[in-house]
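Some notes on the structure that comes next.
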Amino acid sequence: MAESTWLSKESYERLTAELESLKTTGRAEIAERIEAARSEGDLSENGGYHAAREEQSKMEGRIQELTYLLNHAEVGDNPTDIEKVAPGLIITAQVNENQKRFMLGAREASADMDIDVYPQTAPLGAAILGLRVGDKTSYTAPNGKEFQVEILNIETI
């Protein structure tokens with residue numbers, strides 16, 4: 001079962017518009033640039049061609065990311081359950097000696113906010129998903145450092 005991410009109606013509409021733009025105008029513009037670069041001749045030494053193909057690859061990745069996010073999004077005013085850490089919620093946690101306030105989920109969901117975002121699949125996100133206020137856990141960062149975490153608050157956007 002796929003994990004869902006909560007999105008406000010505004011974020012959902014903005015991301016839908018971005019996806020549509022990338023699928024139509026974005027793809028057409030990249031195709032024109034690739035074709036123009038091809039007409040210049042030898043592709044093995046054609047920097048413009050390789051740059052356009054790399055940009056096309058990044059754009060297709062973004063299209064896939066947005067498609068997945070939008071297909072698995074929960075859209076509404078607020079997430080329904082704020083008793084447990086879940087994507088789309090603002091979390092305040094004590095992480096080792098530092099208090100952090102961040103959002104768990106997709107960066108696109110917080111584009112209009114000035115807050116750090118941690119994916120639910122990142123070590124911190126995976127460690128705290130489903131915890132309640134007062135729960136404690138630990139996780140190991142990719143660099144091998146151990147972090148102690150206590151959930152202090154869970155709130156909606």
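The values are calculated or read from the model by the stated rules, or taken from the named source; none is laboratory data. What you see is a predicted model; the values in this text were computed from it and never measured. Ideal geometry is used to build each Cβ from the backbone, glycine not excepted, and the neighbour counts take in all protein chains shown. Surface accessibility is based on the protein's heavy atoms, side chains included, excluding ligands, DNA and RNA. Shrake-Rupley method; radii C 1.70, N 1.55, O 1.52, S 1.80 Å.
Helix 47-71 and the longest principal axis of the C-alpha atoms of the chain enclose an angle of approximately 40°. Report summary: the helix-based calculation at 222 nm, which adds -39500 (n - 2.57) for every DSSP H run with n ≥ 4 and divides by the residues of the chain, gives -11500 deg cm²/dmol. Quotient of the Cα radius of gyration of segment 23-65 and 2.2 N^0.38 Å, N being its number of residues: 1.17. Of the solvent-accessible surface of the chain, computed with a 1.4 Å probe and all protein chains present, 47% belongs to carbon and sulfur. Excluding ligands, DNA and RNA, the accessible surface per residue across segment 17-88 is 65 Å² with a 1.4 Å probe.
The phi-based Karplus calculation (6.51 cos²θ - 1.76 cosθ + 1.60; θ = phi - 60°) puts the 3J(HN,Hα) values of segment 84-91 at 10, 4, 8, x, x, 10, 8, 10 Hz, whole numbers, x for Gly and Pro. Pairs to check: Lys23/Lys84; Lys100/Lys136; Lys9/Lys100. Give those whose C-alpha atoms are more than 25 Å from each other in this structure. Checking Cα-Cα distances, Lys23/Lys84; Lys9/Lys100 exceed 25 Å. Extension gain for Ser44 to Thr156 (0.36 nm times residue separation, less C-alpha to C-alpha distance): 35.1 nm. Backbone amide hydrogens, once placed in the peptide plane, bring Val117 within less than 5 Å of Met103, excluding anything fewer than 5 places away on its chain. Computed from the C-beta positions of Phe147 and Glu20 and an R0 of 35 Å, the FRET efficiency is 0.30 to the nearest 0.05.
Helix 27-38 and the longest principal axis of the C-alpha atoms of the chain enclose an angle of approximately 40°. The protection proxy used here, the mean number of other Cβ atoms lying within 10 Å of each residue, ranks peptides 145-153, 125-133 as follows, highest first: 125-133, 145-153.
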